[in-house]
Amino acid sequence: MNQPTENMLILSQEVREISGQIGTMKRQKNRATDNEEKERLCEAIKMKQYQALFYIEKMSNLNKK
């Protein structure tokens with residue numbers, strides 16, 4: 001398998017895993033009653049979303065090569 005395709009598969013798997021983590025954190029945030037916990041989860045969700053966007057951008061750059 002050539003390197004760009006292999007990298008694309010790895011990045012795609014990472015994005016799927018992060019997406020699952022985000023979904024779990026969103027459910028936890030919806031169930032949380034403590035405002036501090038909700039804020040903490042909201043920040044963690046944002047960081048995971050940024051991470052996913054970074055991987056998606058890397059995937060886009062690999063497609064351009």
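Comparison of K58, K29, K48 shows that the only residue that is surrounded by 13 or more Cβ atoms within 10 Å (Cβ to Cβ) and in contact with a Lys or Arg (Cβ under 6 Å, 6 or more places away or on another chain) is K29. Could you please find all residues in segment 1-53 being farther than 30 Å from N63 by Cβ, more than 17 Å from the chain's Cα centre (by Cα) and part of a helix (DSSP H, G or I)? Passing the criteria: N30, R31, N35, E36, E37, K38, E39.
Each reported figure results from applying straightforward, stated rules to the coordinates on display, with no laboratory input. Because the structure is predicted, anything quoted here is derived from the model rather than measured. Methodologically, a virtual Cβ is constructed for each residue, glycine included, from the backbone with ideal geometry; neighbour enumeration extends over all protein chains shown.
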